[in-house]
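Read-outs throughout are calculated quantities, based only on the coordinates presented, and are distinct from any laboratory measurement. These figures come from a predicted structure and were not determined experimentally. Cβ coordinates were reconstructed from backbone atoms using ideal geometry, including for glycine residues, and neighbour counts include every protein chain displayed.
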Amino acid sequence: MIPLGPPDVRPEDVAAVREVLTTERLSRGPAEARFEARAARAAGAAHAVAVNSGTSGLQLALRALAPERGAEVVTTPYSFVASANALLHEGLEPVFVDIDPGTLSPPADAMDAAVTSRTAAFLPVHVYGRPYPAAELRHLARRRGLPVVEDACEAIGTRIGDDAAGSFGDLAVLSFYPNKQVTTGEGGVVVTSDAALAERLRLLRNQGRVFAEDGFDQVELGFSYRLPEMSCALGASQLDRLEEVVTRRAAIAAAYDERLRELEGVTTLPLEEPGRRVSWFVYVVFVPDSPEGELRDRIMGGLRAAGIECARYFLPIHLQPLYRERFGYRGGEFPIAERAGRTCLALPFFHRITEEQIDRVVETLGATLAAERRGAPTASSRRGR
Ligand SMILES: *Cc1c(COP(=O)(O)O)cnc(C)c1O
């Protein structure tokens, strides 16, 4: 079996975690400070606050801005559900804007045009580690006096010019879930260059308590969203080799691209973006469109039958059952995101993937597509009979 995206954990990571376990400090200790310092540097921000997941981080970032309940936040429908779930947790309403097929994010001016008197913030996402038009959106947001919460959960190491993903929002969030470029097991970090916001985030992640002379004082209702020292130690160790990881992932993307370029019916994402560095989160290709994405799903069946893991990245958020039910979406509202959702296919992509494995994935994908074109039953449809 070729897995989709297992983490790359090395002996030095194991040693760092083991070291923590020999001490008596398993939470709120020196590893947290070390991890936060490295995350802040990677994201080009002054302050970093470690939390127990990227989703918790998004929720705290929104809470720290204290928008009114029921306010609107302009965001993208083409993302992992966490980016909009955080809004629902905070009683905020997502206002989705369709994407540009080139960046896979909504254009900045289209997000700006979705602003109403009820808008409290923008929540853009660097999808797959590919930058959204961050400088443009920041400019438009400042003109309106609205904050930007930058979802950089898939984009640690991404750069626009010399600026790192994580430095474009008033607050930004990184995720360290095991399928991300670097991991803490579970975990996230909120980064900001605003010291007062950082202070609020620290308060909110620890029950809403502030440090007082003789212990802690409860000043407001916060959360229990701290990240354990074991995870922080793993993250600090992983972040030590971020550049190596980003470079290796770009090389794997290039190896796929070279083999896929000639494959009829498969569209790949550009390897190079002028003035930008993509930190590849997943390797996604687009196959021909079909009603309900049934062709893509049959291709996935063919790959899986050959022992190759793959996934849909993403089913657009507004088409998720919860969002259909709550907001009445029926499909057709955001055609570009929906088309991407019907045609996207994530292939195995991880640090230790071999040339032979990449060959096998591409050959199997080619054979499955060719079989579909001939109308011949593939392994998966045969199995179903
Ligand atoms: C991974 C991810 C998150 C956060 O996920 P967690 O599992 O909570 O760390 C948020 N937004 C996007 C776009 C993501 O890909």
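Between SER27 and GLU229, the built amide H atoms are under 5 Å apart, and every one of these is 5 or more places off in sequence or on another chain. When VAL190, VAL20, VAL182 are arranged by Cβ crowding within 10 Å, least crowded first, meaning fewest neighbours, the order is VAL20, VAL182, VAL190.
The HN-Hα couplings worked out from phi for the stretch 176-188 by the Karplus form 6.51 cos²θ - 1.76 cosθ + 1.60 (θ = phi - 60°) are 10, 4, x, 8, 7, 4, 9, 10, 10, x, 10, x, x Hz, whole numbers, x standing for Gly and Pro.
Take the Cα of VAL9, step 7 Å toward its Cβ, do the same at VAL81, and the gap between the two points is 2.6 nm. A simple spin-label model places pseudo-atoms 7 Å from Cα toward Cβ; at ALA110 and ARG352 they are separated by 4.1 nm. To the nearest ten degrees, helix 11-21 and the longest principal axis of the Cα atoms of the chain are 30 degrees apart.
Taken along the Cα-to-beta-carbon direction at a fixed 7 Å, the label points for THR247 and ARG261 span 2.3 nm. On the beta carbon distance between PHE223 and LEU271, with R0 = 41 Å, the FRET formula returns roughly 0.55.
Show me the GluC sites (Glu not before Pro) within the stretch 193-266 that DSSP assigns to loop and that have at most 12 other Cβ atoms within 10 Å of their Cβ. Counting only loop positions with at most 12 other Cβ atoms within 10 Å, the GluC sites (Glu not before Pro) in the stretch 193-266 are GLU213, GLU220, GLU262, GLU264. Amide H to amide H distances under 5 Å link ILE160 with ALA165, ARG277, where only residues 5 or more positions off or on other chains count and H is placed in the peptide plane. Cut-off 20 Å, label point 7 angstrom out along Cα-to-Cβ of GLU294: give me the residues of the stretch 300-332 whose amide nitrogen falls inside. Inside the label zone: 300-305, 312, 315-316, 331-332. Rounded, prolate or oblate, given the Cα gyration tensor of the stretch 204-344, with a/c below 1.5 counting as rounded? In terms of gyration-tensor shape, oblate.
When the Gaussian network model of the chain links Cα atoms closer than 10 Å, the mean-square fluctuations of ARG241, ARG326, ARG277 top out at ARG326. Measuring from a point 7 Å past the Cα of THR22 along Cα-to-C-beta, which residues in the stretch 221-265 have an amide N at less than 19 Å? Answer for this model: 229-238.
The angle between the Cα long axis of helix 242-260 and the longest principal axis of the Cα atoms of the chain comes to about 20 degrees, rounded to the nearest 10. Stretching ARG41 away from PHE211 to a fully extended chain increases their span by 58.6 nm, per 0.36 nm per residue minus the current alpha-carbon distance.
Helix 355-374 axis versus longest C-alpha principal axis of the chain: approximately 50°, rounded to the nearest ten.
A viscosity of 0.692 mPa s and a temperature of 37 °C, combined with the Kirkwood radius over Cα pairs in Stokes-Einstein, give a translational diffusion coefficient for the stretch 73-188 of 232 µm²/s.
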